[in-house]
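No value in this document is a laboratory result; all are computed from the given coordinates. Because the structure is predicted, anything quoted here is derived from the model rather than measured. We place every Cβ from the backbone using ideal geometry, glycine too, and count neighbours over all the protein chains shown.
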Amino acid sequence: MLKQLQTQKQQHTILPQQIELLNLFHLNTLELEQRIQDELSENPALEELSSGEDALGDKFSKDTVQDFQNWEEYGYDDIPDYKTEYNNYINTEKVPEKPIAEIPDFREELKKQCRFLDVLPEEKHYLYDFLIDSINENGFLEQDLDELASELSFKRKVWIEAEELEEALKIIRELEPAGAGCRTMQEYMLIQLRRMNVRRPDVKMAIILLENHFQDLRSCNLEKLRRQLGLEEDEIRIVLELLAHLSTRPFNPETNALQANPSILPDFIIIDEGDTLELALYRQRSSNLHISQSWMEMVQQTAQNAAADKSTKQYLRSKLSSAQWFINAIQQRESNMLKIMQAIVDMQYDYFKYGDILLLKPMKLKDIADKVKVDISTVSRLTCNKYAETPFGTVLLKDLFTEGIVNQEGNNISNKVIQNIIGEVIQTEDKKNPYTDRQLVAILAEKGYTIARRTVAKYRELMSIPVAQVRGLWN
């Protein structure tokens, strides 16, 4: 029996322009520059000023020269004598060039290996490239696959499931360096063991230990492990020695002295001006973009000409509308970026002023979102993969968002501070008799930080520092 039903419901829909705006929010300085160049080449209604003016402005320009210098300013410019003397005696134009060995990035090597795999269709290469670019300097994939799938879906404008990324990640882990893309040290160590002769008793027992008793291993419950696995004391020591000789990360940049430092183009510049901290965008792009005057005249002429082709009118109007929207989107991006970054600077004033990580305060995305009156997703996208150049170095904004714990004095302390203290204590410990997690808890308590042993173990693992027994076997 056929029936007709009429229902009324409310649902949220996101427009294509809103998706495009979110994509612009997510881009860093280099990616935005490429996006603007693509738009300039595709849309003739959009033009860029070619005045060559420095977007940082005179206030933030490092190359600003005074209009007048008297003899005292010129003669005593604080330039060491050896620098000028060197230029007097040696012709810099004829200095022999010293060849520098090119050290390829392991990510590029992974991408090349993917291209040679017959099982990967060419139209899916972007999946593997995106995952490989998301791997950190140590070879681990820190971000959640659901978040990465959502991010890539916005970029590609197609829906991508996390399961599809999981399948791609399995293939990446089998490439060289083996295990690149692992989420945890446990996962990476299991990959190394499975590449050995799994029939060896110590290898087989090590795999069982990591798969089924990893928490007990982290907690250093060796007596409990020995009973559960039915091993003698010498046998459990052999297994621990095997684990101690495994690598703790897929890629170690410290092992290569010639590893080139990646050049990072910051998105913000923070300058110490005495009592205040001045904030600016590294490059403001909206001021250089404008609508083509000749294009606007063509739109007006065709609108007044009744004989003009309808499709021509539509084409001209659509390009004009697209250019206007793009400029407004860039302006909105820059405005929100400055508001959000100013809120971060205000909240972390002491940290940016003195550069001491112990002054870093707990801060969450919601704190900044509430302060600026925007959605949390906006804060997340406008701070993702963004850097700030400060008086003490370049800072990744993501590292500023941390949880907090309360110390004995009742103050809220960032967990980054606790991790830094744990790292310093372990670095100065007796290498033959390293501190256990319980001993670390006692040391932190003496410094005024009361935290649980499992929290210490969690922070230690986040810093890729193994348990005390394994550290002792390394030395």
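Some observations on this one:
- Taking a Cβ cut-off of under 12 Å around Ile357, the surrounding Lys, Arg, Asp and Glu residues balance to a net charge of -2, with basic ones at +1 and acidic ones at -1.
- Highest-first arrangement of 197-210, 375-388, where packing means the average Cβ count within 10 Å: 375-388, 197-210
- Sorting 442-455, 235-248 by average packing, meaning the other beta carbons within 10 Å per residue, from highest down gives 235-248, 442-455.
- Across Lys339/Lys371; Lys432/Lys458; Lys124/Lys319; Lys155/Lys361; Lys170/Lys416; Lys361/Lys398, pairs whose alpha-carbon gap is larger than 21 Å: Lys432/Lys458; Lys124/Lys319; Lys155/Lys361; Lys170/Lys416
- Whether segment 116-177 is rounded, prolate or oblate, judged on the alpha carbon gyration tensor where a/c under 1.5 counts as rounded: oblate
- The ranking of Thr436, Thr276 from fewest to most other beta carbons within 10 Å of each one's beta carbon is Thr276, Thr436.
- Each peptide among 318-327, 38-47 gets the average number of other Cβ atoms lying within 10 Å of its residues, and from highest to lowest they stand as 318-327, 38-47.
- Under 11 Å, Cβ to Cβ, from Glu334 - net charge with Lys/Arg +1 and Asp/Glu -1: +3
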